[in-house]
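See structure below.
The values are calculated or read from the model by the stated rules, or taken from the named source; none is laboratory data. Given the structure is predicted, the values throughout are model-derived calculations rather than measurements. Neighbour counts are summed over all protein chains in view; Cβ atoms, including those assigned to glycine, are modelled from backbone coordinates with ideal geometry. Heavy atoms of the whole protein, side chains included, go into the accessibility calculation; ligands, DNA and RNA do not. Shrake-Rupley method; radii C 1.70, N 1.55, O 1.52, S 1.80 Å.
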Amino acid sequence: MTNNKKIEIKNIGLTYESPGTSFQALKDVSLDINDGEFISIIGSSGCGKSTLLSILEGLKTPTAGEVLIDGKKVEGTGRERGVVFQQYALFPWMTAEKNISFGIKQVRPDLSRKERLELANEFLAKVGLTSAGDKYPRDLSGGMQQRVAIARALAMDTDILLMDEPFGAVDAKTRVVLQELLLNLWEGDGKSRKKTVVFVTHDVDEAILLSDRIIMMRANPGRVYRDIPVNLPRPRSRTELVKSPEYTSIRSEIMTLFFSDIRDQIDKEAVI
């Protein structure tokens with residue numbers, strides 16, 4: 001991992017206005033993310049995790065502050081950012097192969113149709129779906145659809161990968177498989193440059209397994225509460241990780257912060 005800033009989030013705020021009322025979703029959120037860094041954002045419901053990711057995607061415009069990518073202000077979506085949503089977001093009328101090929105076309109219009117399809121099948125193989133290229137989303141399980149979505153995002157070869165609870169809708173076993181798959185693809189062969197990943201999750205263990213840093217947010221309004229480094233060696237083994245005292249310490253810190261946040265919210269609601 002380098003120390004070059006890839007993403008700079010500077011004093012971001014977002015307030016929703018409607019007749020007679022307003023709601024501040026985010027307030028004064030600042031964060032630097034380095035090139036090749038894997039960042040997880042966690043926090044209780046309503047803390048603005050997905051809202052912040054939408055701003056990074058360029059799908060929402062902040063009412064205060066700015067986001068810079070490679071020193072340039074984000075003003076809408078961009079080809080340097082790939083996105084994986086919680087719901088699989090595949091085109092139902094396209095096969096798995098064509099879903100990936102379509103994504104590649106958006107960032108590599110110079111490639112021929114044949115080259116795009118070859119690349120699509122290369123990434124289907126990487127996610128263990130070599131035989132699923134001609135299948136439509138309706139013919140695939142939830143976990144298989146999400147693997148196609150991940151393959152599409154990776155095949156687009158964007159510098160940044162934004163992931164909004166991508167494993168939240170799959171069963172526990174599939175989630176473990178997808179976590180391992182993502183880690184393996186992100187770590188690569190050690191020769192190519194790692195992508196910068198911003199990963200939203202509710203799962204503390206998932207965040208520790210995957211991340212270089214964990215950003216904990218709090219609600220009312222959404223803001224960065226704690227920046228927690230995860231200095232555990234890579235590659236990471238799930239079975240070995242849980243035996244580590246460092247893992248236990250990080251998990252204990254996060255869970256304490258979670259319960260403190262929830263207790264504070266309950267106390268505020270009780271007063272109201």
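A simple count of charges around Asp134, restricted to other residues whose Cβ falls under 10 Å of its Cβ and scoring Lys, Arg +1 and Asp, Glu -1, yields 0. Surface analysis of the stretch 188-252 yields an accessible area of 48 Å² per residue, using protein heavy atoms and a 1.4 Å probe. In this label model, Ser131 and Ser30 are separated by 5.5 nm, measuring between points 7 Å along each Cα→Cβ vector. Of the GluC sites (Glu not before Pro) in the stretch 48-119, the ones in a loop by DSSP (not H, G, I, E or B) with at most 12 other beta carbons within 10 Å are Glu75.
Take the Cα of Val176, step 7 Å toward its Cβ, do the same at Lys243, and the gap between the two points is 1.6 nm. Note on Lys243: lysines with a C-alpha under 22 Å away, same-chain residues under 8 apart excluded, are Lys173.
Take 167-173, 25-31, 181-187 and order them by the average number of nearby Cβ atoms within 10 Å per residue, most first; the result is 25-31, 181-187, 167-173.
Sites listed here are trypsin sites (Lys or Arg not before Pro) in the stretch 192-244 whose DSSP assignment is loop and whose Cβ has at most 14 other Cβ atoms within 10 Å: Arg193, Lys243. Across all Cα atoms of the stretch 104-256, the radius of gyration (one decimal) and Dmax (whole number) stand at 17.3, 53 Å. Counting only DSSP beta bridges whose two residues both lie in the chain, roughly 55 percent are antiparallel. In terms of the mean number of neighbouring beta-carbon atoms within 10 Å, the peptides 145-158, 128-141, 198-211 order highest first as 145-158, 198-211, 128-141. The calculated Kirkwood hydrodynamic radius for the chain is 19.6 Å, given to one decimal from all distinct C-alpha pairs.
Full extension of the chain between Leu59 and Ser45 yields a length gain of 3.0 nm, computed as 0.36 nm times the residue separation minus the alpha carbon distance. In the calculated pair distance distribution of the stretch 1-144, what percentage of Cα-Cα distances lie above 25 Å? Distances greater than 25 Å cover 46 percent of the Cα pairs.
Helix-only arithmetic for the chain: the sum of -39500 (n - 2.57) across DSSP H runs with n ≥ 4, divided by the residue total, places the mean residue ellipticity at 222 nm at -12000 deg cm²/dmol. Cβ-Cβ distance of Asn184 and Met255, R₀ of 30 Å, FRET efficiency by 1/(1 + (r/R0)^6): the value works out to about 0.65. For the chain, the share of accessible area belonging to carbon and sulfur comes to 51 percent (1.4 Å probe, ligands and nucleic acids excluded). Applying 1/(1 + (r/R0)^6) with R0 = 22 Å to the Cβ-Cβ distance of Asn4 and Ala89 gives a FRET efficiency near 0.15.
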